[in-house]
Amino acid sequence: MTERLTTYYRDHWVEVEPERMARYEAMFQWRDGHEALIAPAAIGTGAVVADYGCGPGALSIELARRVGAAGKVFALDINAAFLSRTAAAAAKAGVDDRVETRRVEGAAIPLADASVDRIVCKNVLEYVDDPAATIREFRRVLRDDGIAHASDSDWGSVVLEPLGERFDALMSAAGIAFRTPRIGRKLYGFFKAAGFADVRVQVLAAPDTTGGLRPVIANMASYARQSRRMDGDAIDAFLADVDRAIGEGSYFALLPQFLVTGYGRSWSAQ
Ligand SMILES: C[S@@+](CC[C@H](N)C(=O)[O-])C[C@H]1O[C@@H](n2cnc3c(N)ncnc32)[C@H](O)[C@@H]1O
């Protein structure tokens, strides 16, 4: 693999060109359907919460509303532009009194030991250098009565009919954008190894028959294009066939989300 491709999984988040920034802003909006993805984190009033890999901030703002004025949200990301957008969104939503942005610069999370009640991490661990080490960091910064909760995809568990085999080829090219594309199935083991008192896991998968996942498929296509491992015309033809399947009603997709929740030391007594 060339040097450019070897580090693309990280570099494409550190530098986000305007076209992708606009696409991500639209993709990462908070939606009612996301409620189930963060429910196990049990966010309550007054909690100090870290949103690890906050993106442009939609989830951080939602968390800030839930913790109220007595709570606090640390919005953490490797991308400085996402942090600026999160700060601006917090000001617009009137919750900037409780949202603090911090840049992640290496393996360590920029928070003190045992300093947060909750960590929420949504669709981020597939990109980090060493997910087991990041989850150990979650354990370090969490209070004993805290909860760390991650949800992520597993790109080896996607269903896309009637284009499944061609999607596998596309994902093989798009894989440059991920450090651990099959992160979903690995999260449970990583949380167990990090020493949480208890670890619970759920898998949620809502069937998509109308093209709701079309932006996600288009995003994968853009990564495959970047890789130059798949012919551009073949990618265009693939997307046209996805659209045709949606139009004809033969399209059926599943993108399971793996939810893993780790409980701090004092939960073992409960
Ligand atoms: C797919 S987006 C998810 C954004 C948000 N959590 C959401 O679900 O809407 C992935 C985010 O992880 C961030 N990210 C990637 N690698 C990271 C790392 N090593 N440490 C912290 N954040 C990272 C990216 O900059 C991006 O904001």
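Structural remarks
- Apart from one condition, ALA41 fits all of (1) under 27 Å from ILE217 (Cα atoms); (2) within 15 Å of the ligand (Cβ to nearest atom); the exception is (1).
- Tally, over region 148-159, of residues that are outside any loop (DSSP other than H, G, I, E, B) and either open to solvent by less than 10 Å² (accessible area, probe 1.4 Å) or free of Cβ contacts under 8 Å to residues at least 60 places away in the same chain (or both): 5
- Flag if ASP130 is open to solvent by 30 Å² or more (accessible area, probe 1.4 Å), within 13 Å of the ligand (Cβ to nearest atom) and of a type in the set (D, E, K, R): yes
- Extreme residue, least open to solvent (accessible area, probe 1.4 Å), among residues of region 251-269 that are farther than 18 Å from VAL159 by Cα and touching an Asp or Glu at 6+ places or on another chain (Cβ under 7 Å): GLY264
- Of the residues in region 233-254, at least one is β-branched (Val, Ile, Thr), under 18 Å from ALA174 (Cα atoms) and touching a strand residue (DSSP E or B) at 6+ places or on another chain (Cβ under 9 Å).
- A count restricted to region 53-82 and to residues that are touching a strand residue (DSSP E or B) at 6+ places or on another chain (Cβ under 9 Å) and either near the ligand (Cβ under 7 Å from one of its atoms) or closer than 15 Å to ARG10 by Cα (or both) stands at 10.
The values are calculated or read from the model by the stated rules, or taken from the named source; none is laboratory data. Values in this document were obtained by computation on a predicted structure and should not be read as measured data. Note: ideal-geometry Cβ built from the backbone for every residue, glycine included; neighbour counts use all protein chains shown. These accessible areas exclude ligands, DNA and RNA; they are computed on the full protein's heavy atoms, side chains included. Shrake-Rupley method; radii C 1.70, N 1.55, O 1.52, S 1.80 Å.
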